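> Before I ask anything, here is the structure I am working with.
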Amino acid sequence: MVREQLGRPVEILLIEDNPGDVRLTREAFIDGKVWNNLHNVPDGVEALAFLDRRGEYAGAPRPDLILLDLNLPKRDGREILADIKADGRFAAIPVVVLTTSRTEEDVLRSYGLHANCYVVKPIDLDQFIKVVKSIESFWLCIVQLPPAMESAAGRAA
Amino acid sequence: MNRFRRATIFLAEDNPDDIEIARRAFKRAGLGSELIVARDGEEALRLLADERLRPDFVLLDIKLPKIDGFEVLAQIRASERHAALPVVVMSASSREEDVLRSYQLGGNSYVQKPVVFQEFMEALEIMGSYWFKVARLPRSR
Amino acid sequence: MRVMLVEDSSGDARLIEEMLREAQVAPVEVEQANCLAGALERLGDGFDVVLLDLGLPDSQGLETLLRTREQAPHLPIVVLTGFDDQEQALQALQLGAQDYLIKGEFAGAPLSRTIRYAIERHQTEGMLRQTLAELESRTAEMETFTYSVSHDLKEPLRGLEAFSRFLVEDYADVLDDQGRDYLNRIAKASARLKDMIEELLTLARLGRRPPQLERVNIRRVVEDFLAANEMRLKESNAEALIEGALPDVLADLTRVEQVFGNLIGNGLKFNKSARPSVQVGLADVTGGWVTFFVRDNGIGIAPEYQERIFGIFQRLHIREEYEGTGAGLAIAKRAAEALGGRVWLESEPGAGSTFYVCLPLWEGSGRISRKRA
């Protein structure tokens, strides 16, 4: 493993409304090599509340990684992506778009909105799990995730 | 078919040993296609501006002479042509300020350069598999 | 010597001034202020000491002392108090007064002695504080230096490791046995170099990163370590036991892991018994500190080496006997000290070793105002 140990679980925010997909994703991550906590919110409005630590999310941890479905109820995932990346407090958090759409337009648009990566959700169950495990291997084992701004600022002095 | 084989990888790295190590690692991992190498920030920007070269993926060291990696990253993101080009920042440093800044400037991920070759190979396998088999990349322009 | 006498009773003030003039060998100048505001205004005027009555018309009790200290932290203060106020006087000492005098119970000689000592003591404290600050700054510099050097050393190490490996992969069959042996030694040396650099980095990081203090469950830490090393334990037919309940500590999880991981690991490694065994338990709880023990039935350490082994890269054995860089104990010790605690040991060759770790007890409030262990 390349990444330095954090000494705490990696906090993942899964923005996904399909319960079946949520369950599969959760299972794949529980099984993972790296200690992590998966938090799920069913739409973008809840997601922003989670990030803001509003209301029931007052004690929510800051996510180290966000998995975002583009097709969400209430507000479209593409808008949520734009909002997250426009907010200086959260822009550095890697967002992996994990969605059913395969269109080149969505791919380009997502990268254009500064998504860190775009992954198409396979329909096949086994493939889905493989994909999530690959996400886990790369983002949790190999990658250095960005620290919260406050902690890095303290170190820079 | 392993798309990693067909990808054009752009490597911005000043250390000639690290370049040689990377070459061997890519070959081992099955990267058959092109490897573009820039030895400093100026060369990196010049090569990126060259319309004949079409990189699919960038591995960027932040410690580059002449123009540093952060500046190169900023300019990649500011450019019309390469704004969506995936850039994985690869660096010896694990300093939090460097990691944070890389993501803030639009780097897609940050990977610390492993010291041991075996670990480098493993990281490359995972990286290659993730970016070229699992993820969708924007079409190179 | 210039004395600022802050006293609202003019009778008392006159008495004190007389005593000072009589007893002093050297010339003494006394200025009187009869309220705090008046005193605070003039404190900047080159005084050597303040005689402070705590009961003033515009300020009462310890508040008077605190405000005076705030205004003139560079001045030693001797508190004047009535004899019903000894409790308060003792508190005044804790809050920074150099001494206290009970009115009606002192005469000229003790008064001037007290003042002299107050001034001296204050100076000494100042020098101590300065020395401490310098020490801290130099330690911080050293740690930053160690960190950045270790970090920079990784770069040529990368090349060394990779190319010696490539040589082995591509040219081993072209070489004779001797050549292959040399290559092998290079590979092993670079692996050792890597371990040493990583441990240097760990040590340096221990100093740089301020501990994030929280409640730490020691049992969990030990259990996690044992679970992570399950294979190793099985392979060496070793056993590890936690004896009894272990109280929680106020500490930083990473550092606690470094302490126990290294101590338990060593207990299992430097061990020739058929059934290597390590026990972790509680040795003592006193005055806000907990002492744990990590006991093994290993080879033991002779008294003449017991201090040395805590040094970095200090090894007592040849590489063929026991591998490792010799940094484990240095890291464990530094980690414990970073938390305000310490590590020490009792051991005899052939009779195993018991390492003791002292750490702050978790008392629920997270206060860190305690003396060093």
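The values are calculated or read from the model by the stated rules, or taken from the named source; none is laboratory data. Everything numeric in this text was worked out from a predicted model, so none of it was measured. Positions of Cβ are generated from backbone atoms using ideal geometry, with glycine treated the same way; all protein chains shown enter the neighbour counts. We work out accessible area using only protein heavy atoms, side chains counted, and drop any ligands, DNA or RNA first. Shrake-Rupley method; radii C 1.70, N 1.55, O 1.52, S 1.80 Å.
> Only one of (1) open to solvent by 10 Å² or more (accessible area, probe 1.4 Å); (2) within 26 Å of C:GLU125 (Cβ to Cβ); (3) within 39 Å of the chain's Cα centre (by Cα) fails for C:LEU52. Which number is that?
(1)
> Search region C:37-63 for residues that are touching a residue at least 12 places away in the same chain (Cβ under 8 Å) and among the charged types (D, E, K, R) and pair each with any residue that is open to solvent by less than 10 Å² (accessible area, probe 1.4 Å) and part of a loop (DSSP other than H, G, I, E, B) when their beta-carbon atoms are under 7 Å apart and the residues are at least 6 apart or on different chains.
C:ASP53/C:GLU7
> Looking at region C:261-293, which of its residues are more than 18 Å from the chain's Cα centre (by Cα), more than 12 Å from C:GLY328 (Cβ to Cβ), among the β-branched types (Val, Ile, Thr) and open to solvent by less than 10 Å² (accessible area, probe 1.4 Å)?
Answer for region C:261-293, where residues must be more than 18 Å from the chain's Cα centre (by Cα), more than 12 Å from C:GLY328 (Cβ to Cβ), among the β-branched types (Val, Ile, Thr) and open to solvent by less than 10 Å² (accessible area, probe 1.4 Å): C:VAL278, C:VAL280.
Residue-wise test of (1) within 14 Å of another protein chain (Cβ to nearest Cβ); (2) open to solvent by 20 Å² or more (accessible area, probe 1.4 Å).
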residue: A:ILE15; (1), (2): no, no
residue: A:ALA28; (1), (2): yes, no
residue: A:VAL41; (1), (2): no, no
residue: A:VAL45; (1), (2): no, yes
residue: A:ILE66; (1), (2): yes, no
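> Going through C:GLU348, C:GLU323, C:GLU307 one at a time, which residue ends up being charged (D, E, K, R) and under 22 Å from the mean Cα position of the chain (by Cα)? Reasoning before the result, please.
Numbers: C:GLU348 fails: under 22 Å from the mean Cα position of the chain (by Cα); C:GLU323 fails: under 22 Å from the mean Cα position of the chain (by Cα).
Of C:GLU348, C:GLU323, C:GLU307, the one residue that is charged (D, E, K, R) and under 22 Å from the mean Cα position of the chain (by Cα) is C:GLU307.
> Here's a follow-up. So if I check each of C:GLN178, C:GLN91, which one is in the same structural domain as C:LEU66 (by TED's automatic domain parsing), open to solvent by 80 Å² or more (accessible area, probe 1.4 Å) and part of a helix (DSSP H, G or I)? Give the derivation first.
Numbers: C:GLN178 fails: in the same structural domain as C:LEU66 (by TED's automatic domain parsing).
After applying the criteria, what remains is C:GLN91.
> On to the next question. Cβ-Cβ under 6 Å, sequence separation 6+ or interchain: first residue in region C:304-315 and closer than 8 Å to C:ALA330 by Cα, partner assigned to a helix (DSSP H, G or I) and open to solvent by 60 Å² or more (accessible area, probe 1.4 Å). Which pairs?
Between residues of region C:304-315 that are closer than 8 Å to C:ALA330 by Cα and residues that are assigned to a helix (DSSP H, G or I) and open to solvent by 60 Å² or more (accessible area, probe 1.4 Å), the close pairs are C:PHE310/C:LYS333.
> If you don't mind, another one. Among the numbered criteria (1) in a helix (DSSP H, G or I); (2) under 21 Å from C:ARG215 (Cα atoms), which one does C:GLY265 miss?
Exception for C:GLY265: condition (2).
> Can you name the helices (runs of 4 or more DSSP H) wholly within region B:1-120 that have at least 2 residues being of a type outside the set (Asp, Glu) and under 15 Å from the mean Cα position of the chain (by Cα)? Let's see the steps before the verdict.
On the way: elements: B:3-6, B:16-29, B:41-49, B:69-78, B:96-104.
Per the criteria, B:16-29, B:41-49, B:69-78, B:96-104.
> Follow-up. Test A:VAL132 against the stated conditions and say whether it is within 10 Å of chain B (Cβ to nearest Cβ) and either hydroxyl-bearing (Ser, Thr, Tyr) or open to solvent by 10 Å² or more (accessible area, probe 1.4 Å) (or both).
It is false that A:VAL132 is within 10 Å of chain B (Cβ to nearest Cβ) and either hydroxyl-bearing (Ser, Thr, Tyr) or open to solvent by 10 Å² or more (accessible area, probe 1.4 Å) (or both).
> Can you work out which of the residues in region B:10-31 that are farther than 14 Å from B:GLU125 by Cα and away from chain C (no Cβ under 14 Å) is surrounded by the most Cβ atoms within 10 Å (Cβ to Cβ)?
Filtering region B:10-31 for residues that are farther than 14 Å from B:GLU125 by Cα and away from chain C (no Cβ under 14 Å), the one surrounded by the most Cβ atoms within 10 Å (Cβ to Cβ) comes out as B:ALA12.
> Here are some conditions: (1) of a type in the set (S, T, N, Q); (2) farther than 30 Å from C:GLU320 by Cα; (3) more than 14 Å from chain B (Cβ to nearest Cβ); (4) open to solvent by 60 Å² or more (accessible area, probe 1.4 Å). C:THR114 meets all but one. Which one does it not meet?
With (1) of a type in the set (S, T, N, Q); (2) farther than 30 Å from C:GLU320 by Cα; (3) more than 14 Å from chain B (Cβ to nearest Cβ); (4) open to solvent by 60 Å² or more (accessible area, probe 1.4 Å) applied to C:THR114, the lone miss is (4).
> Of the numbered conditions (1) within 8 Å of another protein chain (Cβ to nearest Cβ); (2) at pLDDT 95 or above, A:ARG155 fails exactly one; give the number of that condition.
A:ARG155 satisfies all of (1) within 8 Å of another protein chain (Cβ to nearest Cβ); (2) at pLDDT 95 or above except (2).
> Return the total of residues in region C:214-260 being among the small types (Gly, Ala, Ser), within 14 Å of chain A (Cβ to nearest Cβ) and over 19 Å from the mean Cα position of the chain (by Cα). Before the answer, list the steps.
Start the filter on region C:214-260 by keeping residues that are among the small types (Gly, Ala, Ser), which leaves C:227-228, C:236, C:238, C:240, C:244-245, C:251.
Filter again for within 14 Å of chain A (Cβ to nearest Cβ), leaving C:227-228, C:251.
In the following step, the residues that additionally are over 19 Å from the mean Cα position of the chain (by Cα) were identified as C:227-228.
The qualifying residues number 2.
> Name the single residue that is nearest to B:ARG6 (Cα to Cα) among those in region B:91-133 being open to solvent by 30 Å² or more (accessible area, probe 1.4 Å), facing chain A (nearest Cβ under 7 Å) and not charged (D, E, K, R).
Among those that are open to solvent by 30 Å² or more (accessible area, probe 1.4 Å), facing chain A (nearest Cβ under 7 Å) and not charged (D, E, K, R), it is B:SER129.
> Which residue pairs have Cβ atoms under 6 Å apart, sit 6 or more places apart or on different chains, and have a first residue in region B:62-83 that is touching a residue at least 60 places away in the same chain (Cβ under 8 Å) and a second that is open to solvent by 60 Å² or more (accessible area, probe 1.4 Å) and outside any helix (DSSP H, G or I)?
From residues that are touching a residue at least 60 places away in the same chain (Cβ under 8 Å), the pairs are B:ARG81/B:ARG141.
> Here is a further query. Could you please let me know if B:ARG81 is more than 10 Å from chain A (Cβ to nearest Cβ) and either closer than 30 Å to C:SER164 by Cβ or open to solvent by 40 Å² or more (accessible area, probe 1.4 Å) (or both)? Before the answer, list the steps.
On the way: more than 10 Å from chain A (Cβ to nearest Cβ): yes; either closer than 30 Å to C:SER164 by Cβ or open to solvent by 40 Å² or more (accessible area, probe 1.4 Å) (or both): yes.
Criteria met by B:ARG81.
> Another question, then. Among the residues of region C:103-117, is there at least one that is touching a residue at least 24 places away in the same chain (Cβ under 8 Å), part of a helix (DSSP H, G or I) and touching an Asp or Glu at 6+ places or on another chain (Cβ under 8 Å)?
Yes, some residue in region C:103-117 is touching a residue at least 24 places away in the same chain (Cβ under 8 Å), part of a helix (DSSP H, G or I) and touching an Asp or Glu at 6+ places or on another chain (Cβ under 8 Å).
> I would also like to ask the following. When only residues in region C:5-27 that are free of Cβ contacts under 8 Å to residues at least 60 places away in the same chain and not in a helix (DSSP H, G or I) count, which is nearest to the chain's Cα centre (by Cα)?
Looking at residues that are free of Cβ contacts under 8 Å to residues at least 60 places away in the same chain and not in a helix (DSSP H, G or I), I get C:LEU5.
> C:MET231 fails exactly one of the following numbered conditions: (1) open to solvent by less than 80 Å² (accessible area, probe 1.4 Å); (2) assigned to a helix (DSSP H, G or I); (3) at pLDDT below 90. What is the number of that condition?
(1)
> With the condition kept exactly as written, say whether any residue in region A:85-100 is crowded, with 16+ Cβ neighbours inside 10 Å, within 7 Å of another protein chain (Cβ to nearest Cβ) and under 14 Å from A:LEU14 (Cα atoms).
Checked against the condition, which is being crowded, with 16+ Cβ neighbours inside 10 Å, within 7 Å of another protein chain (Cβ to nearest Cβ) and under 14 Å from A:LEU14 (Cα atoms), region A:85-100 yields at least one hit.
> (1) open to solvent by less than 60 Å² (accessible area, probe 1.4 Å); (2) at pLDDT below 95; (3) more than 14 Å from every other protein chain (Cβ to nearest Cβ): which one isn't true of B:ARG54, the others all being true?
For B:ARG54, the failing item is (1).
> Grab the strands (runs of 3 or more DSSP E) fully contained in region C:271-373, keeping just those with 2 or more residues being of a type in the set (Ser, Thr, Tyr). Break it down stepwise before answering.
Numbers: elements: C:277-286, C:289-296, C:342-347, C:353-360.
The qualifying strands (runs of 3 or more DSSP E) are C:277-286, C:353-360.
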